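Engineer: Here it is, the structure in full.
The values are calculated or read from the model by the stated rules, or taken from the named source; none is laboratory data. For clarity, every value in this text was computed on a predicted model and none was experimentally measured. Don't worry about glycine lacking a Cβ; one is built from the backbone with ideal geometry, like all the others, and counts go over all protein chains shown. To get the accessible areas, we keep the full protein, side chains included, count just its heavy atoms, and leave off ligands, DNA and RNA. Shrake-Rupley method; radii C 1.70, N 1.55, O 1.52, S 1.80 Å.
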Amino acid sequence: MVRHYLDEIDRWKSVIAAFDARISVLLAERERDLANLATIPGPGCLAAEIVIAETGGDMAQFASAHRLASWIGVCPGQNESAGVNRSGRTRPGNKNLKRLLGIAAMVAIRKKDSYLGVFFRRLAARRGGKRALVAVMHKLAIAIWHVLHDHAPYRELGADHFTRRDPERAMRRMIKEANSLGMTIRFEPITA
């Protein structure tokens, strides 16, 4: 019985190897796009192959990055009537890519010193973890569109992006946090 199961495992390994060889032949002209997609934090080489397979790799069919996010189904929902906001569920879309982006987002937010990790933690503090995860999925979909549209690798913004973007806001946040602890902070510019 054990020999039968070991033979079955070997047979399935050979089938998987044959499919992998066929996939690599089909994606031979997309090596540059696969390498660029692998630079995005979260998705790996297998995820890059799935993105190319599901979208076709040609972003001309999507007029903008937000159209791709809408097609995947990771754009924020909008349900407002008479000034009352109701549940903004995500729309149905490509289930394979939505599942893939969910896994990639969970991988991307684990990196503490990345833009996506900081973005997730900032948003999760205000809106909750699930909504923040969908927002990271949306960011990944936008990054995928730009990487495939511009044929350029992903450019990491860095963990200090929000501080560099608005340093005064970062100072106000630090002052507010220090005041809540009963302390005061004084900022002095550094002279070169």
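Engineer: Output the residues belonging to the range 85-98 that are under 16 Å from the mean Cα position of the chain (by Cα) and loosely packed, with under 13 Cβ neighbours inside 10 Å.
Structural biologist: Selection gives K95 alone.
Engineer: Among (1) of a type in the set (A, V, I, L, M, F, W, C); (2) surrounded by fewer than 19 Cβ atoms within 10 Å (Cβ to Cβ); (3) at pLDDT 90 or above, where does A82 come up short?
Structural biologist: Failed condition: (3).
Engineer: Being at pLDDT 85 or above, closer than 15 Å to A69 by Cβ and not polar (S, T, N, Q) narrows it down to one of G102, G117, G182, G128, so name that one. Walk me through it before giving the result.
Structural biologist: Numbers: G117 fails: closer than 15 Å to A69 by Cβ; G182 fails: closer than 15 Å to A69 by Cβ; G128 fails: closer than 15 Å to A69 by Cβ.
Of G102, G117, G182, G128, the one residue that is at pLDDT 85 or above, closer than 15 Å to A69 by Cβ and not polar (S, T, N, Q) is G102.
Engineer: When the range 64-79 is examined, which residues are found to be open to solvent by 20 Å² or more (accessible area, probe 1.4 Å) and modelled with pLDDT of 85 or more? Please lay out each step first, then the result.
Structural biologist: First, pick out the residues of the range 64-79 that are open to solvent by 20 Å² or more (accessible area, probe 1.4 Å): 64, 66-67, 70-71, 75-79.
Correct list: S64, H66, R67, S70, W71.
Engineer: Right, another one. Would you mind listing the helices (runs of 4 or more DSSP H) fully within the range 107-183 where at least 3 residues are under 23 Å from R91 (Cβ atoms), open to solvent by less than 80 Å² (accessible area, probe 1.4 Å) and touching a residue at least 12 places away in the same chain (Cβ under 8 Å)?
Structural biologist: The helices (runs of 4 or more DSSP H) meeting that bar are 115-127, 129-150.
Engineer: Among the candidates A17, A47, single out the residue that is modelled with pLDDT of 85 or more, part of a helix (DSSP H, G or I) and within 14 Å of the chain's Cα centre (by Cα).
Structural biologist: Just a single option satisfies the conditions, and that option is A47.
Let's see how each residue does on (1) hydrophobic (A, V, I, L, M, F, W, C); (2) buried (at least 17 other Cβ atoms within 10 Å of the Cβ); (3) in contact with a Gly (Cβ under 8 Å, 6 or more places away or on another chain):
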residue	(1), (2), (3)
L27	yes, no, no
E31	no, no, no
G42	no, yes, no
A48	yes, yes, no
D58	no, no, no
F62	yes, yes, no
